[in-house]
Amino acid sequence: MVTKLKANNSEDIDVIQKNLIINDFSIQVATPNGSGSQTSNLVLLRSLFKMGIPSSGKNLFPSNIQGMPTWYTIRCSQDGYVARRDSIQILVLMNPETAVQDITNIQSGGVCLYPENAKYNFDREDITYYSMPVKRLAKESGVSSALRPYVSNMVYVGALASILGIELLEIESALSWHFKGRQKLVDTNMPVIQAAFDWSQENLTKTDPFQAQRANATDGTIMVDGNLAAALGAIYGGVTVMAWYPITPSTSLADSLTQYAGLLRHDENGKATYSIIQAEDELAAVGMVIGAGWAGARAMTATSGPGISLMSEFAGFGYYAEIPAVIWDVQRVGPSTGLPTRVSQGDLTTCHWSSHGDTEHICLLPGTVAECFEFGWRAFDIAEQYQTPVFVLSDLDLGMNMWMTKPFDYPDKPMSRGKVLTADQVAKNGFKRYFDLDGDGIPYRTLPGTNQPGAAYFTRGSGHDQSAKYSEDPQDYVENMSRLRRKIDYSREKLPAPIRELNESASIGFVGFGSTDPAIIESRDRLAAIGVESSYLRVRALPISLTVSDFVASHDRVYVIEMNIEGQLHKLIRIQYPDLATKLCSLAHCDGLPLTASWIVNQILEKESCHNGKIKQ
């Protein structure tokens, strides 16, 4: 039974003021997919961020048809935590199909906003309910009946602004930013927000403790998604060719590259200095990338798990023929079609060992949007230095959701093309394509068009000797494979190093990679608050650095935390360092949702209690 809110009185105001929860809550908006709520949600997120409140936004959307349930969660944290929070304090309930479960998920003491006259089961007495005249305000806005469902979402923006104290000036600014300054769209939506705000001010009495207050914790930061960051990094890394085929969740990376290359990559006559090709499938896309890499272009593709499966034969060709290429894998849940719009870290071993036969690929593992930018340009240097395909493993959460970050750092050194011979060098010293002159496993190459007899060679995915001549001689094969392994081993300590946060008093350590980073950081702090100290190491590249061995050896137990079912990083570390296997404990979990600190904390407390008895909680 819903009780109407009573009029304000001083006693109620005093209670609220004493128990305010400022800038520390999660808002979840439940809507049908395709209802236009994304604009409203992004406006809310940007408004809170521009008020100086550390914020993050996560979109949980269906993969199939319009009308299916979708949820958008905004987390505000005065302590700067941006991982998903597994409890919801404020629910905006706009979808009757999910109402029962959504109301159940509200934390005790939380809030539910809903359209008036909605036939929901409001049987919880430990939460606050606020109704909103959604249909009436949308109708009074004067927009056409076709547009009313979309502007209806602006009603909850205005109501939340009133209830939480979100500044209307920031909301209007966020609308203008979202619509790229198109004032007509701002003028269509802002009056609905203002009307909902005014109605809430006049008709609702605030009885909840949650409040947004202007702060300065976001000064000097920007908000961006990882796919856009990766695209910008590739542009500043000198990408000249991208071939791709659409697949969730990597499509926006290609779209962003197309958009910004058009702005940034052209000559003095306005002619494009790049080529972006939508291929007929993933096989064609990676084939184009390998061909462009052989020709001397900085070439890349972007895909997800199913695309990686299709690209595996070309990946092996690039490895064996030694052709630079960059392959972005924005991971999602598999196997097969899996859950296309859910997050996972399940492609680690697939990419590291992609292709039949003995292959071991270099993989970069960004854990922040800043690293998506950095690895966007650095991957090209690494691919050309080691003359090999380089995989960059992002994921849906990092790639498609909005994150706070410091502005990106411009590449700090010139492009490195690796061992490329000029015509004069070939004339002076000769040329054997697959000869290891320096002992590091990396041969010298020439680029097509090098004007010197003897500079050309056949690129072979079949057996070959040092001079690139066809060979089925067993010794040639063994020597070639040994050199390739030496080359990859040589890269181990020259790739982006793990980031270590050591705690001298800690007996346990955490190892993770990628977008689990925010949840691990938050869980480490929460555990420290109850007396459980830990160290943390984040792996940023494969093959695995010796730093990982040192880290594991210096702790009694090390928990490897990752978002997959099989514990793939845990297995890779055990394979690389079998003598340390007894110190390693796998904490692998994947349900399609971003990892939470609560899950990690509960797992650690349970497992540590087995070693040390009960831990004080």
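Coordinate-derived values only; no laboratory data. This structure is a prediction, so every number in the text was calculated from the model and none was measured. Cβ atoms come from the backbone with ideal geometry, glycine included; neighbour counts cover every protein chain shown.
Hey, how many Å between the Cα centroid of the stretch 417-431 and the Cα centroid of the stretch 225-294?
If you average the Cα positions of each part, the centres end up 30 Å apart.
Measure up Lys135/Lys180; Lys419/Lys469; Lys50/Lys413; Lys413/Lys487; Lys58/Lys607; Lys135/Lys206 against 25 Å on the Cα-Cα distance and list the ones that go over.
Pairs exceeding the cut-off: Lys135/Lys180; Lys50/Lys413; Lys58/Lys607.
How would the stretch 423-491 be classified by its alpha-carbon gyration tensor: rounded, prolate or oblate, with rounded meaning a/c under 1.5 and the a/b versus b/c comparison settling the rest?
Oblate shape, in that a/c is at least 1.5 and b/c is the bigger or equal ratio.
For a paramagnetic label modelled at 7 Å from the Cα of Tyr120 toward its Cβ, which residues of the stretch 46-90 fall within the zone defined by backbone nitrogen distances under 17 Å?
Correct set: 69-74, 87-90.
How high is the relative contact order of the stretch 10-211? Use alpha-carbon pairs under 8 Å, at least six apart in sequence, and give a whole percent.
After rounding, I find 24 percent.
Where a ≥ b ≥ c are the square roots of the eigenvalues of the C-alpha gyration tensor, would you call the stretch 81-229 rounded, which needs a/c under 1.5, or, failing that, prolate if a/b is larger than b/c, or oblate?
oblate
Less than 20 Å apart at the alpha-carbon level, and either on another chain or at least 8 residues along: which aspartates and glutamates does that give for Lys119?
Correct list for Lys119: Glu97, Asp102.
Phe510's amide H: which non-local residues (gap 5+, or another chain) put their own amide H closer than 5 Å, with H modeled 1.01 Å from N in plane and none for Pro or chain starts?
HN-HN under 5 Å from Phe510: Ser535, Tyr536, Leu537, Tyr559.
May I ask for the equivalent-ellipsoid semi-axes of the stretch 44-131, computed as the square root of five times each C-alpha gyration tensor eigenvalue and listed largest first in whole Å?
Semi-axes from the Cα gyration tensor: 23, 18, 12 Å.
Determine, for Ser394, Ser145, the number of other Cβ atoms within 10 Å of each Cβ, and report the residues in order from fewest to most.
Ser145, Ser394
Over the residues of the stretch 169-208, compute the C-alpha Rg and express it relative to 2.2 N^0.38 Å.
The stretch 169-208 yields a ratio of 1.39.
Amide H of Gly67: which non-local residues (sequence gap of 5 or more, or other chain) have their own amide H closer than 5 Å, using H built in the peptide plane?
Amide H neighbours of Gly67: Asn33, Gly34.
Can you give the Kirkwood hydrodynamic radius of the stretch 499-612 from its Cα pairs, in Å with one decimal?
14.0 Å
Determine the dipole magnitude for the stretch 423-491: charges of +1 sit on the beta-carbon of Lys and Arg, -1 on that of Asp and Glu, nothing else is charged, the reference point is the Cα centre, and the result goes in debye to the nearest 20.
Around 200 debye, computed over the stretch 423-491.
Enumerate the calculated ³J(HN,Hα) couplings along the stretch 545-551 in order (Karplus 6.51 cos²θ - 1.76 cosθ + 1.60, θ = phi - 60°), each rounded to whole Hz, writing x wherever the residue is Gly or Pro.
Values, residue by residue: 6, 4, 4, 5, 4, 4, 5 Hz.
Hey, quick one: spin label on Asp556, modelled 7 Å out along Cα-Cβ, who in the stretch 489-508 has an amide N within reach, i.e. under 15 Å?
Within reach of a label on Asp556: 504-508.
Efficiency by 1/(1 + (r/R0)^6): what FRET value for Val420 and Ala215, r their Cβ-Cβ distance, R0 = 60 Å, to the nearest 0.05?
Given R0 = 60 Å and the Cβ-Cβ separation, E is 0.75.
Work out from phi, with θ = phi - 60° and the Karplus expression 6.51 cos²θ - 1.76 cosθ + 1.60, the ³J(HN,Hα) of each residue of the stretch 440-453, listed in order in whole Hz, and give x for Gly and Pro.
Result, rounded to whole Hz: 9, x, 9, x, 9, 10, 10, 9, x, x, 5, 8, 7, x.
Can you figure out the FRET efficiency of Thr258 with Gln194, using R₀ = 35 Å and their beta-carbon distance, to the nearest 0.05?
My answer for the efficiency is 0.45.
Taking neighbour Cβ counts within 10 Å as the exposure measure, how do Arg540, Arg265 sort from fewest upward?
Placing the least packed residue first, the sequence is Arg265, Arg540.
For the chain, what's the relative contact order in percent, using C-alpha pairs closer than 8 Å and at least 6 residues apart?
Contact order relative to length: 12 percent.
What percent of all Cα-Cα pairs in the stretch 224-405 falls into each 10 Å bin, going from 0 up to the bin containing the maximum distance?
11, 43, 37, 8, 1
Could you tally the net charge around Ser77, taking each other residue with its Cβ under 12 Å from the Cβ of Ser77, Lys/Arg +1 and Asp/Glu -1?
-1
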